[in-house]
Amino acid sequence: MPKKYSQEFLIELNNLDEERLGVQLAKACVSADLPISEVAKVFKVSRMTIHSWFRGSPIRDKNATKIKQFMKALDEAWRVQLENNTTELPILEQRKAKVFLENNILPKIG
């Protein structure tokens, strides 16, 4: 079972610069309850890199493009969920998160 976002991190997240792309990614992932380990697999980076991005560290251009596509696809999934009155998000199990990312996000990012 994946480790959930700590209360300490969630408090810290509210105090970080919302203009930073990584912070925006963090808020999107927290909202959808996506495990960091699965998000790291999507971007083909380490969990530590995701943690760094979430705290506002610089992001390479190639990854910034993927992050923007990721967030757009995640927003679309939320919108579809609302339109169809379904409850796929937030995701409470890592297995379901993996399937969700493989089916709904990976096809939409380069």
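Miscellaneous remarks
- For the chain, hydrophobic long helices are taken as DSSP H runs at least 27 Å long by C-alpha position along their axis with mean Kyte-Doolittle hydropathy of 0.0 or more; none is present.
- Note on LEU82 and SER37: their simple-model spin labels are 3.2 nm apart, each label 7 Å out from Cα toward Cβ.
- Protection-proxy order for peptides 74-80, 13-19, each taking the mean of Cβ atoms within 10 Å per residue, highest first: 74-80, 13-19
- Cα-projected label distance for GLN94 with VAL30, points at 7 Å along beta-carbon direction, nm: 2.2
- When +1 charges are put on Lys and Arg Cβ atoms and -1 charges on Asp and Glu Cβ atoms, the dipole computed for the chain relative to its Cα centre reaches about 500 debye.
- With a Förster radius of 41 Å applied to the beta-carbon distance between LEU16 and LEU106, the computed FRET efficiency rounds to 0.95.
- Evaluated at q = 0.29, 0.32 Å⁻¹: base-10 log I(q)/I(0), Debye formula over Cα of region 62-103: -1.05, -1.09
- Between ARG20, ARG95, ARG60, the residue with the greatest mean-square fluctuation in the GNM of the chain (Cα pairs under 10 Å linked by springs) is ARG60.
- For the chain, the orientation-averaged shadow of the C-alpha convex hull comes to 6.7 nm² (one quarter of the hull surface).
Every read-out reported here was derived from the displayed coordinates using simple, explicitly stated rules and does not represent laboratory data. Predicted model, so just to flag it, every value in this text is computed and none were measured. Here Cβ is always computed from backbone atoms with ideal geometry, including for glycine, and neighbour counts include all displayed protein chains.
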